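This report concerns only the one structure given below.
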Amino acid sequence: MTDKKIEMIDVNKWFDDFHVLKNINLTVKAGERVVICGPSGSGKSTVVRCINRLEEHQSGVIRVDGVELTNDKAAIATIRSEVGMVFQQFNLFPHLSVLDNLILGPMKARGLSRADATDRAMHYLERVRIPEQAGKRPAQLSGGQQQRVAIARSLTMEPKVMLFDEPTSALDPEMISEVLDVMVSLARDGMTMIVVTHEMGFARKVADQMIFMDGGEIVESGPPEPFFTAAKSARCQKFLSQILQH
Amino acid sequence: MKILLALLTLLFLSSCASSDIWGWYVIDPTTKNGWINIKFLINGMGNTILVSLIAAGFSIALGLLVALPALSHRRWLRIINRIYVEFVRSIPLLPMLFWVFYGLPIIFKSMGLDIPIDPFWGAVITLALSDSAFTAEIYRSGIQSIARGQTEAARTIGLSYAQTMRYVILPQAIRRILPPLANQFIYIVKMSAFASVIGMQELTRRANELVVSEYRPLELYTFLILEYLVLVLIISAGVRWLERRMGADERN
């Protein structure tokens with residue numbers, strides 16, 4: 001439809017009196033990878049959550065693949081079906097097996113048969129390299145495996161855009177790389193991605209556009225090279241020096 | 001509990017021998033008359049159980065219907081739920097029973113409907129209404145105990161509100177809802193005794209009728225209490241079994 005997968009124009013959002021997002025402008029083109037970083041409470045998760053309407057914005061325009069987000073339920077459904085989301089806390093369904101977690105969306109929201117949904121689910125479980133865990137409950141898996149299942153669950157809906165909200169922040173250090181590896185391979189395959197993360201090694205590897213947020217504003221944005229080496233604002237320089245020390 | 005039962009049995013047996021104060025003969029199964037009385041009393045059990053089961057069924061359905069608006073992000077829907085719960089919860093059962101049994105048919109009539117309410121359905125409606133405020137609260141807390149992330153994850157894979165409830169939230173909430181819901185059944189069973197007042201032939205009504213003709217209130221009401229005790233103990237055992245099963249499920 002359009003080259004611009006996501007467009008945010010002068011988006012503002014308040015939680016009661018708290019102004020969480022201030023005039024956010026962001027454009028993500030098809031196949032582009034955007035990494036958002038910033039201190040906690042800066043509004044970076046809220047940006048991502050507004051894109052698939054887990055949060056409502058109060059002013060400005062958000063378009064996903066040309067469709068504007070309003071209160072129109074049909075539009076929200078269309079957009080959600082095109083946007084996958086991976087959460088910090090995985091949010092797998094604990095009462096269902098890994099396979100049932102994956103086939104629920106395709107069967108109920110897309111109307112696939114159980115056999116087709118299972119084929120598709122196994123394809124994506126292989127993609128995240130844990131097809132052997134299909135029969136287990138989420139609680140029987142490690143954190144890294146659970147997050148890979150969550151990524152596979154999103155992929156079974158075959159989204160055009162993937163949102164990641166701090167996907168590795170709840171993981172033990174030794175499990176971070178297995179999740180990042182999956183994300184890197186997704187990026188290599190041309191998936192449009194917005195990733196909220198502090199994993200700067202990952203950002204350097206895949207990002208086309210870096211965004212630094214603080215106090216609800218986009219303070220700095222641009223391609224990774226000048227961003228990492230020559231950040232313009234003092235706030236961004238300070239933040240980067242703090243997280244790059246580790 | 002076992003000691004209490006043993007004591008009561010002892011009291012019963014020792015008093016079956018003739019005495020001036022005790023008159024256990026009215027429910028002595030070894031005499032023809034006593035056996036007839038016992039059968040008469042126990043025959044009320046069917047109605048007590050039936051009215052409780054049907055009322056519980058309605059209450060479980062109605063409770064869910066009342067609980068769902070409480071989970072909405074729309075304020076006016078939450079207010080409707082609050083009004084219902086606070087209002088229904090504050091009405092004592094007996095006045096509500098009178099209102100339903102004597103008052104509701106008049107409302108029906110004024111609307112041109114000819115719906116008679118017999119004691120049985122009067123009791124069912126009252127018990128279900130009264131209990132629904134409590135079951136609604138049980139549903140609400142059970143559903144709210146499921147983390148918000150579950151709803152968000154379900155919505156992001158394209159499930160509708162109804163699908164999210166049915167496939168994601170309720171199957172998880174039910175483990176936390178079922179035990180207190182079963183517990184609530186005990187409340188219904190006990191409250192069904194009030195139906196005796198509008199003439200429903202259940203346990204209490206039968207004991208009352210026999211007291212009038214036999215004039216042995218101590219013995220007959222003791223028997224009545226034991227009947228409820230046995231009934232509730234059986235249900236409690238069922239609830240504990242359910243809790244163990246649910247708990248075992250949760251650990252998996």
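The values are calculated or read from the model by the stated rules, or taken from the named source; none is laboratory data. The shown structure was predicted, so the numbers you read here are calculated from the model rather than taken from an experiment. Here the Cβ is made from the backbone with ideal geometry for all residues, glycine too, and neighbour counts use every protein chain on show. Heads up: the accessible areas ignore ligands, DNA and RNA and are worked out on the full protein's heavy atoms, side chains in. Shrake-Rupley method; radii C 1.70, N 1.55, O 1.52, S 1.80 Å.
Look at (1) part of a helix (DSSP H, G or I); (2) open to solvent by less than 40 Å² (accessible area, probe 1.4 Å) and you find that B:Ser72 fails only one, number (1).
None of A:Leu125, A:Leu112 is more than 14 Å from A:Gln88 (Cα to Cα) and in a helix (DSSP H, G or I) except A:Leu125. Does A:Pro94 meet the test of being in contact with a helix residue (DSSP H, G or I) (Cβ under 8 Å, 6 or more places away or on another chain) and open to solvent by less than 40 Å² (accessible area, probe 1.4 Å)? Here the answer is no, as A:Pro94 does not meet what is asked. Of B:Asn43, B:Asn37, B:Asn47, all but one fail to be closer than 19 Å to B:Asn208 by Cβ and open to solvent by 80 Å² or more (accessible area, probe 1.4 Å); the exception is B:Asn43.
What residue, of A:Ile211, A:Ile151, is away from chain B (no Cβ under 14 Å), crowded, with 19+ Cβ neighbours inside 10 Å and of a type in the set (A, V, I, L, M)?
A:Ile211
Residues in the stretch B:124-137 that are among the aliphatic types (A, V, I, L, M) and either within 14 Å of another protein chain (Cβ to nearest Cβ) or open to solvent by 10 Å² or more (accessible area, probe 1.4 Å) (or both): B:Ile125, B:Leu129. Reported count of residues in the stretch A:171-191, each being under 28 Å from A:Ala117 (Cβ atoms) and either within 14 Å of chain B (Cβ to nearest Cβ) or hydroxyl-bearing (Ser, Thr, Tyr) (or both), is 1.
Table: residues versus (1) more than 9 Å from chain B (Cβ to nearest Cβ); (2) more than 18 Å from the chain's Cα centre (by Cα); (3) not hydroxyl-bearing (Ser, Thr, Tyr).
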| residue | (1), (2), (3) |
| --- | --- |
| A:Glu82 | yes, no, yes |
| A:Ser97 | yes, yes, no |
| A:Ile103 | yes, yes, yes |
| A:Gly111 | yes, yes, yes |
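Looking at A:Thr78 and the list (1) facing chain B (nearest Cβ under 9 Å); (2) at pLDDT below 95, which single condition is not satisfied? Unmet for A:Thr78, out of (1) facing chain B (nearest Cβ under 9 Å); (2) at pLDDT below 95: (1).
Picking from residues in the stretch B:211-249 that are hydroxyl-bearing (Ser, Thr, Tyr) and in a helix (DSSP H, G or I), the one that is nearest to B:Ile42 (Cα to Cα) is B:Tyr228.
Could you check, for the stretch A:46-66, whether at least one of its residues is in a strand (DSSP E or B) and open to solvent by 50 Å² or more (accessible area, probe 1.4 Å)? Yes, the conditions are met somewhere in the stretch A:46-66.
Tell me yes or no: at least one residue of the stretch B:165-180 is more than 27 Å from the chain's Cα centre (by Cα), facing chain A (nearest Cβ under 9 Å), under 26 Å from A:Leu163 (Cβ atoms) and crowded, with 17+ Cβ neighbours inside 10 Å. For the stretch B:165-180, residues more than 27 Å from the chain's Cα centre (by Cα), facing chain A (nearest Cβ under 9 Å), under 26 Å from A:Leu163 (Cβ atoms) and crowded, with 17+ Cβ neighbours inside 10 Å: present. Inspection of the stretch A:203-215 finds a residue satisfying the criterion of being assigned to a helix (DSSP H, G or I) and in contact with a strand residue (DSSP E or B) (Cβ under 7 Å, 6 or more places away or on another chain). Scanning the stretch A:123-143 for any residue that is farther than 27 Å from A:Gly43 by Cβ, under 18 Å from the mean Cα position of the chain (by Cα), open to solvent by 10 Å² or more (accessible area, probe 1.4 Å) and among the small types (Gly, Ala, Ser) turns up nothing. Might you let me know whether the stretch A:67-74 holds any residue that is modelled with pLDDT under 95, touching a Lys or Arg at 6+ places or on another chain (Cβ under 6 Å) and at the interface with chain B (Cβ under 10 Å from one of its Cβ atoms)? Checked the stretch A:67-74: no residue is modelled with pLDDT under 95, touching a Lys or Arg at 6+ places or on another chain (Cβ under 6 Å) and at the interface with chain B (Cβ under 10 Å from one of its Cβ atoms). Select from the stretch A:154-163 the residues that are within 12 Å of another protein chain (Cβ to nearest Cβ) and touching a strand residue (DSSP E or B) at 6+ places or on another chain (Cβ under 7 Å) and write down the one among them that is surrounded by the most Cβ atoms within 10 Å (Cβ to Cβ). Filtering first and then ranking leaves A:Leu163.
Screening the stretch B:104-129 for residues that are more than 19 Å from the chain's Cα centre (by Cα) and either of a type in the set (Gly, Ala, Ser) or not in a loop (DSSP other than H, G, I, E, B) (or both) and picking the one that is modelled with the lowest pLDDT gives B:Gly112. Exactly one residue out of B:Arg89, B:Arg140, B:Arg155, B:Arg82 is within 14 Å of chain A (Cβ to nearest Cβ) and of a type in the set (D, E, K, R), and it is B:Arg155. Of the set (1) assigned to a loop (DSSP other than H, G, I, E, B); (2) loosely packed, with under 15 Cβ neighbours inside 10 Å, all apply to A:Leu171 but (2).
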